[in-house]
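Working notes, structure below.
Values in this text are rule-based calculations from the coordinates and carry no lab data. Owing to the predicted nature of the structure, the values given are computational and were not obtained by experimental measurement. Neighbour counts run over all protein chains shown; Cβ positions are idealised from the backbone, glycine included.
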Amino acid sequence: MGYQAAVPELYVSGAALGALAVAAAVATLVRGPALAFVYPLSALAAFALGAVDLHALLGGGEWVARLPIGLPGVGLHLRLDALSAFFGIVINGGVLAASVYGMGLDRAKELTPRVEPLFPLFAAAMNLVLIADDAYAFLFSWELMSLASWALVVARHTDPESRRAGYLYLIMAAIGTSALLFAFGGLAGPAGGYGFDTIRAHPPGPLVAALVLAAGLVGCGSKGGLIPLHAWLPLAHPAAPSHVSALMSGVMTKVAIYGFVRIAFDLLGPPAWWWALPPIVLGAVTAVLGLLYAVFDRDLKRVLAYSTIENVGVIFVALGLALAFRANGQEAAAAVAMAAALLHVLNHSWFKSLLFLGAGAVLHATGRRDLEGLGGLIHRMPRTAAFFLVGALAISALPPLNGFVSEWLLFQAVIAAPALPQAALHFASPAIGAMLALAAALAAACFVRVYGIAFLGRPRSVEAARAHEVPMAQQIAMGGLALLCIAGGLFGSVLAAMIAPVLRDLVDSVLPNSGSGPTAFSLIAFDPERSIYDAPVIAFFVAIASLTTLLVVHRLSARRTRLGPAWDCGFPDPSPATQYTASSFAQPLRRVYGAVVFAARETVVMPAPGDARPAQFSVVLVDYAWRVLYAAPSRAVLRLSERLNALQFLSIRRYLVLMFAALVILLSIAVVAI
Amino acid sequence: MTGDLLVQFLAQGAQMFMVLLIAPLAVGVVRRVKARLMRRQGAPLLQGYRDLAKLLRKESVIAENASWLFRSAPSLIFALTWVAAALVPSFASGLMFNWAADVVALVALLGAARALLALAGMDVGTSFGGIGSSREMMIATLAEPAMMLIVLTLAIAAGTTRLAGVADFFIAEPLAVRVSLGLSLVALIIVALAENARIPVDNPVTHLELTMVHEAMILEYSGRHLALIEAASYLKLVLYLSLLICLFAPFGMAPANAGVGGWAIGLLAWSAKLLAGAALLGVWEVSIAKMRVFRLPDFVGIAFVFGFLAILLAFLSRGAFE
């Protein structure tokens with residue numbers, strides 16, 4: 001489709017982006033309840049942008065525009081291809097849900113001029129990253145996205161935790177962007193062609209490609225939370241207001257993944273097989289460690305943020321496998337791995353947004369995010385509890401929900417790996433499979449714990465006992481996402497067919513048409529003889545089995561039900577403190593995994609008989625990643641800057657000597673280089 | 001085609017009915033063998049059916065603060081386990097579920113049932129429910145990945161993840177003795193013991209709090225709800241026994257398109273092997289002691305390590321996917 005046909009769509013996109021910008025500008029001028037206009041307008045703009053993206057993805061259009069702003073002589077290149085359109089759908093779906101949720105915010109208390117102007121700016125910046133078609137536009141919108149989200153993180157700047165999170169985020173975002181700067185510098189080459197079409201036409205040599213890949217992995221990995229670049233994420237994502245947390249975790253990490261896919265699959269040219277190793281290894285480590293962090297944490301929003309790290313790791317594993325298969329010319333397997341990655345991007349954006357909005361609802365209703373103070377919310381907030389349950393089961397990759405669809409595809413890709421010729425991948429792939437399986441099981445444990453402690457049982461605090469259901473708009477936002485999780489699980493094959501243009505662009509192959517399977521909704525990997533997952537048939541049989549069971553039991557059983565006190569082996573204790581807590585639930589897991597990974601130590605101080613003091617129990621977990629990679633370098637930087645401080649107090653002669661020495665060194669470098 | 005589909009549907013329905021029918025008998029055999037080996041008289045073989053009938057007739061006492069999750073979980077757990085049990089080829093391999101779900105989905109369906117059970121255990125907010133759920137999920141984080149590795153190994157060997165395809169592969173090559181399959185067998189047995197709350201992982205006959213895992217989770221259930229959960233655990237035992245039979249002792253199983261005669265032979269062979277497996281389980285249970293809870297990670301961890309070694313060997317020997 002040519003440039004001419006694209007005009008109406010471009011108008012719609014431009015108008016929507018303009019509306020977001022205007023919303024941001026106007027919101028800086030008004031105060032109080034007037035700020036409420038931001039969310040309906042953002043929802044409308046996100047809907048329009050998402051509709052254009054969907055149209056582009058299904059219609060197979062590819063639209064380019066060149067505006068005379070930006071760098072002189074380069075201009076601003078914009079392009080919407082299948083990949084951008086797919087990620088656009090992901091982003092705008094999240095923005096739409098967060099905006100609808102925002103409409104339910106309390107006008108008197110929760111609308112602040114620190115959040116509302118930045119929300120549409122953040123949304124617009126993420127959209128711009130996707131359609132940027134030159135390095136300058138990409139980096140500019142990437143930075144805009146980082147800064148807008150940073151400002152949202154420090155919106156509650158009176159809280160020292162928020163300030164610390166914001167500080168760390170700013171540093172990590174700066175490191176990430178400078179890495180991307182290097183990546184695009186390498187891609188542009190000495191000729192300095194910064195347009196993506198120029199880069200595509202001249203792929204770099206193997207050495208430069210390796211450096212670009214490493215820089216891209218650092219740049220995009222730090223934004224997505226790849227371990228060891230993750231430390232800022234579990235602090236920053238929860239610090240923002242909940243609907244912004246949903247955007248950051250559910251959606252902004254996907255922009256990071258988009259950046260990596262754009263660089264590794266599009267701009268860098270044909271891959272070498274060993275490109276697969278760094279994303280696979282880092283992704284697998286991230287997947288397992290992310291969940292181990294999550295399963296021991298007691299803050300509801302931080303658990304969700306750690307689980308985001310895990311899911312980003314899973315997506316990177318899938319991307320790495322896709323690179324390996326593509327490098328070896330195994331397009332069918334590459335399509336399976338790539339479909340797993342892309343569907344997981346979509347699925348994770350749905351259930352993670354849902355869970356963060358649910359956490360926001362809990363925070364709104366109780367004012368608490370620590371799991372130890374929650375409990376029994378299923379009685380006080382029945383709808384939120386039902387929606388959160390869907391999200392928790394979906395993220396645990398349980399059928400027939402959507403998380404399982406991408407998980408299934410990923411395991412299909414793993415067992416296709418023996419066909420790869422490289423020995424390194426033969427050794428790596430089983431380990432990857434084991435770690436993915438471990439991550440899936442840990443995810444179930446993690447979310448059973450979160451849901452069981454927060455929503456089930458008896459309330460552990462007065463606030464939890466007085467919780468109330470959230471406003472309708474917020475229920476609609478969560479309910480819509482929960483529906484998507486269910487529909488995406490049942491009709492994963494439809495989604496797989498939808499992303500076919502992206503797969504064709506990236507790996508030159510698509511999943512088999514579901515029509516070649518036994519029913520219209522079979523998800524097929526490779527061919528129908530090899531692997532099929534037919535969610536509607538399974539769901540149908542489970543439904544039939546449940547209904548039959550209910551009917552038979554209804555006919556046969558006594559049908560009498562009596563309410564009574566809890567049995568609890570005959571000694572029920574009315575105090576809610578006798579329930580299992582989040583910490584005690586995690587204790588067996590801590591014994592198994594914590595001792596190895598976090599050097600977990602438990603100390604019990606038991607007073608002597610007759611001593612009236614209470615017994616004390618404490619647990620120490622050591623975060624090695626933080627200690628080695630963050631605390632140590634920051635101490636070194638501090639010490640170095642103290643030393644360099646002396647440079648401020650030299651005499652003028654010494655300054656002149658220093659300048660002269662610098663000049664001599666630079667000149668000698670120039671001479672050697674020439 | 002439609003007639004064929006109808007026959008498939010009926011055969012699949014027959015299998016669903018069969019596993020349900022034989023499950024209490026299998027449990028009865030385990031109990032009976034254990035009792036006789038301990039020189040007790042033991043309950044009659046049909047006690048499982050009587051237990052279920054008794055529980056169905058009794059009223060269900062539910063804690064005052066139980067939620068809808070607590071009430072709806074039993075039938076969902078039962079349905080999920082039932083469908084999962086019906087996925088495993090028992091007397092014939094070419095049935096309808098042949099194509100609807102594969103080994104990965106089988107593991108995940110059982111995972112869904114377990115997650116629901118663990119959630120239901122925490123619903124009333126008692127300390128016992130929490131103990132059970134927490135330990136169950138800890139064991140699951142070791143047993144489920146082990147199970148996944150086993151089924152992936154089998155899938156690599158057979159060149160398909162469809163269970164019926166895997167079964168056909170093992171029927172065609174019953175003597176395909178490979179190191180990776182041997183390791184898988186040991187790992188699968190350990191996983192089966194852990195998943196079915198059998199000695200040495202858990203003891204299905206005690207209510208002693210230090211050893212309780214499964215029993216602690218379902219402590220608050222009674223009446224028809226308990227009947228469904230008990231039936232689900234019976235079905236799970238049949239599932240794992242059928243899985244072991246279909247993978248490592250598939251002789252007699254009717255291959256795809258075997259017809260009614262083949263199915264009848266397959267049915268007899270499967271029932272005999274199933275009851276023999278149940279008897280072996282009884283012998284195993286009286287000859288070993290229950291482990292402490294915190295030694296379990298070592299035991300179930302063996303399954304994980306064996307599963308990993310098996311898939312590593314399968315990769316290095318470059319399976320049938322080429």
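Remarks
- Calculated FRET efficiency for the pair residue A:666/residue A:201, C-beta based, R₀ 30 Å, to 0.05: 0.30
- Theoretical ellipticity at 222 nm over chain A - DSSP helices of four or more residues, -39500 (n - 2.57) apiece, nearest 500: -21000 deg cm²/dmol
- Mean sequence separation of contacting Cα pairs (under 8 Å, at least six apart), scaled by the length of chain A, corresponds to a relative contact order of 11 percent.
- Descending by average beta-carbon neighbour count within 10 Å, the peptides A:23-29, A:84-90, A:378-384 line up as A:84-90, A:378-384, A:23-29, the highest first.
- Computed from backbone phi with θ = phi - 60° and the Karplus coefficients 6.51, -1.76 and 1.60, the 3J(HN,Hα) list for region A:116-123 is 4, x, 7, 4, x, 5, 4, 4 Hz; x is used for glycine and proline.
- Members of A:301/B:236; B:236/B:290; A:352/B:290; A:109/A:301 lying beyond 31 Å, as alpha-carbon distances in this model show: A:301/B:236; A:352/B:290
- Share, in percent, of DSSP beta bridges within the protein assembly as shown that are antiparallel, nearest 5: 75
- Long-range tail of P(r) for chain A (Cα pairs > 51 Å, %): 14
- Three-way shape call for region A:581-620 based on the alpha-carbon gyration tensor, with the a/c threshold at 1.5: prolate
- Helix B:296-316 vs. chain B, principal-axis angle (Cα, 0 to 90°, nearest 10): 20
- Average other protein chain Cβ within 10 Å of Cβ, residues B:56-67: 6
- If R0 equals 25 Å, the separation of the Cβ atoms of residue A:578 and residue A:601 corresponds to a calculated FRET efficiency of about 0.45.
- Net charge of neighbours whose Cβ lies under 14 Å from the Cβ of residue B:161, counting Lys and Arg as +1 and Asp and Glu as -1: -4
- Using R0 = 22 Å, the C-beta based FRET efficiency linking residue A:559 and residue B:53 works out to 0.90.
- Helical contribution to [θ] at 222 nm, DSSP H n ≥ 4, -39,500 (n - 2.57), averaged over chain B, rounded to 500: -24500 deg cm²/dmol
- Going from the fewest other Cβ atoms within 10 Å to the most, the residues A:131, B:311 appear in the order A:131, B:311.
- Estimated translational D of region B:2-316 in µm²/s (Stokes, Kirkwood radius over Cα pairs; 20 °C; 1.002 mPa s): 107
- Peptides A:552-560, A:341-349, B:22-30, ordered by how many other C-beta atoms sit within 10 Å of their residues on average, highest first, read A:341-349, B:22-30, A:552-560.
- Within 10 Å of the Cβ of each residue in A:584-594, the mean number of Cβ atoms contributed by other protein chains is 5.
- Highest mean packing first, where packing is the average number of other Cβ atoms within 10 Å per residue, the peptides A:628-634, A:269-275 line up as A:269-275, A:628-634.
- Straightening the chain between residue A:650 and residue A:623 buys 5.6 nm, computed as 0.36 nm per residue apart minus the Cα-Cα spacing.
- For chain B, averaging the sequence separation of C-alpha pairs within contact (under 8 Å, six or more residues apart) and dividing by the residue count gives a relative contact order of 30 percent.
- Cα gyration tensor shape of region A:624-673, rounded if a/c is under 1.5, else prolate or oblate by comparing a/b with b/c: oblate
- Within 10 Å of each Cβ in B:296-306, the average number of Cβ atoms from other chains: 1
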